[in-house]
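These notes concern the structure reproduced below.
Nothing in this text is a laboratory measurement; each read-out follows from the coordinates by a stated rule. Treat the numbers as computed from the prediction; the structure is a model and nothing was measured. All Cβ positions, glycine included, derive from the backbone under ideal geometry; neighbour counts span all protein chains shown.
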Amino acid sequence: MEVSELETKLNNLATSLFKFEIKESQNEDQNAEFNGDFLKLEQVYQGEIIVYLVKENDKEEILKIMPPHDEIDQWYVNTESAACLFGVDDLKLYIEILKIVAAFLQEKCVED
């Protein structure tokens, strides 16, 4: 499954209130983000895929799909994001998102 197909499948879950956006890192880099009183430094790996939930004026990272890197020799999902509190309907949506991501990861594991 290509990244564009992943985005299309996720957007099949979208409503008039939100959509999904995906950013794939082309280069290994470091990301610095200043948020209020602290500076957050983060390693960005080539091939890293970030899934955002986009509402009117808000864009929230909900998960990252991480490629093999360093000592980790497999694809995996990093769910360390601000999206950690779910109501019943939101939890059902997040489970559907994870099912799509799991299918994407399964294909990546077969390719590698």
**Report entry** SER16 paired with ALA103, simple spin-label distance in nm, labels 7 Å along Cα-to-beta-carbon
**Finding:** 2.7
Report summary line: Quick calc: nm separation of the 7 Å Cα→Cβ label points for TYR45 and ASP89 -> 3.6
Query raised in the report: Between LEU63 and residues 5 or more places away or on another chain, which pairs have amide H atoms under 5 Å apart, with H built 1.01 Å from N, and which residues are they?
Result: VAL51
